[in-house]
Each structure stands twice: as C-alpha cells, then as structure tokens.
C-alpha cells in the first residue's frame, strides 16, 4: 500500500541551474569561438564607440586651443545656425534627390543582373561577365573621375567627338546642371552593380533545383519560373538589402561627388557630405560639421526603424 502511494505521489521538481550559471557555461563552452571574435569587438570599441564622445562637439563652440573638454557648451545653437543657413537646405535637398534616384534605378540593377546571370548556361561566359562587372568596384573614384572626365571632356572626349560627328555641339557634361545628376547616378550604378549582385547570386545558389524541375513538368516557362520560384526564394535577402538602402538614403558617396563636382554644379551637386567637409575642414567650424553629421546619422537610424516596421507588416522578413 505504501508503495502505491509512493507511485502516485507527485515528484519534486529538479532544481535547474540559474540563468547566470547557464550563461557562463555556454560562454565557457564556446570560449575559442568568442576568442576569435575578440579582434572584431576591439575594432568596433576602439574605432566606432570610443570616438562617439566627439558627438559632444555638436553642442559646443569648439576651440582647438581649449580642446573638447575646455570648449564652452552652446546647447542647440549649432543646429539652429545649421538649419537657418542657406547652404544646408540646398545640400539636404540634393542629397535626398540623388539618393532617391540611386534607390529607384540603382537598387533593382544588381537584382536584375543576378537574375540574368542565373539564367546563363554557358559557365565560361557567365564567369567572364561576372568578372567584368566586378572590376569597377575595385577602382577608386579618384581614378574613375579622371577616366570619365577625359571621356566626357568637351574638347577631347570621345562622347563629344561622336556628338560632333553627327553635327551636334560639344557639351560640358560635368559642368552642366542638367547632366550632372544623371552622370552621378549612372556612374554609381556602373561601378556597384557587379559587386552588389554577389549577395543575390549567393541567395540564388541555395534555391532547390527540384522546384524548377517540377515547374517544367507543370509547363512553366523560364519567365514563370523566375516569377514564382526565383524571386520568392531571394525575397528575404531583397527585403533586408532594401531596408539598408532606405536607411542610407540620407547618406551620399562623398568620394564620388567630391571628385566630380565643381562650382558650376553646386546648385544640384553639393550634398551633405561635401557641405560638412567644407565647413569642417576648410572653414574649421567643427561644431557645425559635427551637428550636420549627427543629424544625418539620426535620420538614417529613424529611416531604418520605420522601413523595418513597414516591411514586417507586408512579410515576415526584416532585420529584427
């Protein structure tokens, strides 16, 4: 009878180790992997987080002699002066316009290239096109600016020579406000399309080939296979890359614009990064340049959060 009672009696719960102990055991078990991560953590701590103290310059009237700690606080005066200035609204407007153009025309470009390369069956030709499209990424904008300046030169450029052959007048493309933005967007797409397609090609390599075989049996042509199999398969990667692209819409490529623009196209080509460089380095207004950079980063953070929230409403993909 006692034995029956013992069998039916509820067993006492086994005491589990605390969360902190489990955390320590897990980290100790993976200690060698964490040790490999240490150089990366040190890099971000030393070069990304420690310099963030310099943000305080946005709220100070920085004096080189007094240093960061000795310079007086001015509150929001730098931001007020920044927004009330004539050049900052123009630079912000140009940044948004150029970034919007690059997002509309530049974001789909690597996706289209990756889809086209995925359809190629000649391995040699596919690798040749991939290599050819990657090469511009490894050239700096200093080199490319010199090449394009010569190519579009109004006196000795190949493009203007062809225009002259057909009876047209030479055009100073990089000094013309109507052409400058078009050239910036076009050269950016040409430079980055091959490198940007790597992510999508990697995603395409993981698509199950049996899905295509089943689609062929059902009578689907190549267009329908791309529409109903390939695109849905890479949609998580497309969504994440789109979030990053929207988050960077307030940013601009300083190297590209700085090497291409001139005083003739300031009205349409002066962007936030070149404006920040001009007031921070050439005019030594470090407080204003820091305020401008802080404003850009804050807007970029807000855009990423908003875009991620919107994309999560339409699908299950996002950064978090």
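The values are calculated or read from the model by the stated rules, or taken from the named source; none is laboratory data. Keep in mind the model is a prediction, meaning the values are calculated, not measured. All Cβ positions, even for glycine, are placed from backbone atoms using ideal geometry, and neighbour counts span all protein chains on display.
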Can you tell me which of 220, 245 is touching a helix residue (DSSP H, G or I) at 6+ places or on another chain (Cβ under 9 Å) and part of a loop (DSSP other than H, G, I, E, B)? 220
Are any residues in region 104-125 in a helix (DSSP H, G or I) and surrounded by fewer than 16 Cβ atoms within 10 Å (Cβ to Cβ), and if so, which ones? 104, 105, 108, 112, 116, 119, 123, 124, 125
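Consider residue 123 carefully, then state whether it is over 18 Å from the mean Cα position of the chain (by Cα) and modelled with pLDDT of 90 or more.
Answer is no for this residue.
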Out of region 135-164, which residues are surrounded by 15 or more Cβ atoms within 10 Å (Cβ to Cβ) and in contact (Cβ under 8 Å) with a residue 40 or more places away in the chain? 136, 141, 144, 145, 148
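Going by what's in this entry, would residue 179 be described as under 18 Å from the mean Cα position of the chain (by Cα) and surrounded by 13 or more Cβ atoms within 10 Å (Cβ to Cβ)?
Here the answer is no, as residue 179 does not meet what is asked.
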Failed criterion for residue 167 (all others in (1) without any contact (Cβ under 8 Å) to a residue 60 or more places away in the chain; (2) surrounded by 11 or more Cβ atoms within 10 Å (Cβ to Cβ); (3) not in a helix (DSSP H, G or I) hold): (2)
Single unsatisfied condition, residue 20 versus (1) surrounded by 10 or more Cβ atoms within 10 Å (Cβ to Cβ); (2) at pLDDT below 85; (3) outside any loop (DSSP other than H, G, I, E, B): (1)
Among the residues of region 275-283, are any touching a residue at least 40 places away in the same chain (Cβ under 8 Å), at negative phi, crowded, with 18+ Cβ neighbours inside 10 Å and touching a strand residue (DSSP E or B) at 6+ places or on another chain (Cβ under 7 Å)? no
